[in-house]
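Shown next, in structure tokens, is the structure this report addresses.
The values are calculated or read from the model by the stated rules, or taken from the named source; none is laboratory data. A quick note: this is a predicted structure, and the numbers were derived from the prediction, not measured. Don't worry about glycine lacking a Cβ; one is built from the backbone with ideal geometry, like all the others, and counts go over all protein chains shown.
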Amino acid sequence: MITQSPHRECPTGLVIAKGPLPQANHSNGTLYVAQCELGRGVFTQRVIRTGETILTFGGPLIDFAETKRRGTAECMAIQVGPNQYIDTQPPGVLVNHSCGPNAGIRNDRDLVALRDISPGEEIRYDYSTTMDEKSFTMRCRCGAPGCRGVVTDFSELPADVQECYLRRGLVMSFIIRRLRGARTDWTWGTAKAGQGFERAARRPTAAGCQ
């Protein structure tokens, strides 16, 4: 059960003028930061094809206590383990959430395109595919059709949305391990770790899992 109330607002900070980002270790050189309805967001300068890696999230690893010490900025870290988070760096830290995403995380760090993304389009993924801490929720203002209204733990998503993300290989490994340990009755059945999800993710399907 989610214990935090009311829902947090993730800080957006100052808007960066539209323009290319300096070449970064974790970027493929096609991204820029610009103003969006949420404050700042990450956009593409060229077409990104379905399945293409957009960027790899990088940064030092921190624990749950450290995220809480950061107050409203706790949402800026990505959970990759029960007590482990990536203290994400630009440009990845500026990628916004969507309940109808055009991107998702595979291999716990790689942000990949779920469909072709056009030049000038903002890149967004579903934060809930990384969350399993029973502590943090955030009011959602993504504006996607079928927006859930709240960004919350993966376990709080509707069952069909959870299964869709699992089939597509878009859920953090530590969450998958917990689900398997709990013997949850998922449609992926006896698929071997990672391989079954990756095969399922290659099947033609809609971009989002709403």
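Beta carbons closer than 6 Å, at least 6 apart along the sequence or on distinct chains, pair a first residue in the stretch 59-86 that is closer than 17 Å to Thr152 by Cβ and buried (at least 17 other Cβ atoms within 10 Å of the Cβ) with a second that is at pLDDT below 90 and acidic (Asp, Glu) for Thr67/Glu74. Filtered by the rule that a residue be modelled with pLDDT of 85 or more and of a type outside the set (Asp, Glu), the stretch 65-75 gives Ala65, Thr67, Lys68, Arg69. Tell me which strands (runs of 3 or more DSSP E) are completely within the stretch 69-140 and hold 1 or more residues being closer than 24 Å to Ile48 by Cα and in contact with a strand residue (DSSP E or B) (Cβ under 8 Å, 6 or more places away or on another chain), or say none if there are none. Where strands (runs of 3 or more DSSP E) fall fully within the stretch 69-140 and carry at least 1 residues being closer than 24 Å to Ile48 by Cα and in contact with a strand residue (DSSP E or B) (Cβ under 8 Å, 6 or more places away or on another chain), they are 78-81, 103-106, 110-113. When residues in the stretch 101-130 are screened for being surrounded by 21 or more Cβ atoms within 10 Å (Cβ to Cβ) and among the polar types (S, T, N, Q), 4 of them pass. Of the residues making up the stretch 152-162, just one is in contact (Cβ under 8 Å) with a residue 60 or more places away in the chain and not in a loop (DSSP other than H, G, I, E, B), namely Glu156.
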